[in-house]
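Here is the structure we will look at.
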Amino acid sequence: MKQVAVRLPSPLIEKIDAIAVHHCCRPSAAMRHILQIGADALIDQIAPSPRRF
């Protein structure tokens, strides 16, 4: 797993903390899940390549 450091705005950190408390998990786990959902949604929006091999 690749590790990165990012600076997040305070309101976003507060939302992530609230999600973590609601789901009884660590903020890092909540953030990882949120990022995975976002990445999957972006990938789903990318049109498949028209090239055929």
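When the chain is fully extended, how far beyond the present Cα-Cα distance does I37 get from C24, taking 0.36 nm per residue of separation?
Result: 2.8 nm gained on full extension.
Using only Cα atoms, figure out Rg for the chain and give it as a multiple of 2.2 N^0.38 Å.
That ratio works out to 1.54.
Let me spell out the model: positive unit charges on the Cβ of Lys and Arg, negative unit charges on the Cβ of Asp and Glu, origin at the Cα centre of the chain. What dipole size does that give, in debye rounded to 20?
Computed about the Cα centre, the dipole is about 280 debye.
Helix 27-45 versus the longest principal axis of the chain: what angle, 0 to 90°, nearest 10, using Cα atoms?
Roughly 20 degrees, rounded to the nearest 10.
We did not get these values from a lab; they are worked out from the coordinates using the rules stated. Since the structure is predicted, the reported quantities are computational estimates derived from the model, not experimental observations. With ideal geometry, Cβ positions are generated from the backbone for all residues, glycine too; neighbour counts draw on all protein chains shown.
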